[in-house]
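**Q** One structure, pasted below without further comment.
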Amino acid sequence: MEGPLSVFGDRSTGEAIRSQNVMAAASIANIVKSSLGPVGLDKMLVDDIGDVTITNDGATILKLLEVEHPAAKVLCELADLQDKEVGDGTTSVGSSALYQ
């Protein structure tokens, strides 16, 4: 008989992990911050097959990114929920990570 099954997976802690989380959140914020406000710039995103999307909507930008880092994924999901529930403010949600 084998030992108990761990449902928690690998778990890492410490300053290095905290720094990686902060860097991931800051990276997401830096992507969307230039599209914030009345003089916000549009972003041009190109997907795998070459389709081009030009937008300044934070939810669209974050939805089209292929994010792997867990902390960055949380921000992308938060912006998506903000878009579904309220319909606006997704760029503010994404860029607010810089102010924490």
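**Q** Do any residues in region 18-36 that are over 17 Å from Glu66 (Cβ atoms) and without any contact (Cβ under 8 Å) to a residue 60 or more places away in the chain have Cβ atoms under 9 Å from those of residues that are in a helix (DSSP H, G or I) and among the hydrophobic types (A, V, I, L, M, F, W, C), where the two are at least six apart or on different chains, and which pairs are they?
**A** What qualifies is Gln20/Ala71; Asn21/Ala71; Asn21/Ala72; Val22/Ala71; Val22/Ala97; Met23/Ala71; Ser35/Ile61.
**Q** State which residue pairs qualify: first residue farther than 9 Å from Ala59 by Cα and inside region 72-90, second residue in a loop (DSSP other than H, G, I, E, B) and modelled with pLDDT of 75 or more in any location, beta carbons under 6 Å apart, and separation of 6 or more residues or different chains.
**A** Filtered contacts from region 72-90: Lys73/Val67.
**Q** Residues of region 44-77 being surrounded by fewer than 16 Cβ atoms within 10 Å (Cβ to Cβ), among the charged types (D, E, K, R) and not in a helix (DSSP H, G or I), which ones?
**A** Listed by number, the residues that qualify are Asp47, Asp48, Asp51, Glu66, Glu68.
**Q** For region 63-77, give me each residue that is closer than 12 Å to Ala25 by Cα and under 8 Å from the mean Cα position of the chain (by Cα).
**A** Within region 63-77, Val67, Ala71, Ala72, Lys73, Val74, Leu75, Cys76 meet the criteria.
**Q** Related question: Is it the case that some residue within region 34-46 is among the small types (Gly, Ala, Ser), modelled with pLDDT of 90 or more and over 24 Å from Glu85 (Cβ atoms)?
**A** no
**Q** Restricting attention to region 82-95, and to residues there that are touching a helix residue (DSSP H, G or I) at 6+ places or on another chain (Cβ under 9 Å), surrounded by fewer than 17 Cβ atoms within 10 Å (Cβ to Cβ) and in a helix (DSSP H, G or I), which single residue is modelled with the lowest pLDDT?
**A** Per the criteria, the residue is Ser92.
The values are calculated or read from the model by the stated rules, or taken from the named source; none is laboratory data. From a predicted model like this one, the values you see are computed outputs, not experimental measurements. All Cβ positions, glycine included, derive from the backbone under ideal geometry; neighbour counts span all protein chains shown.
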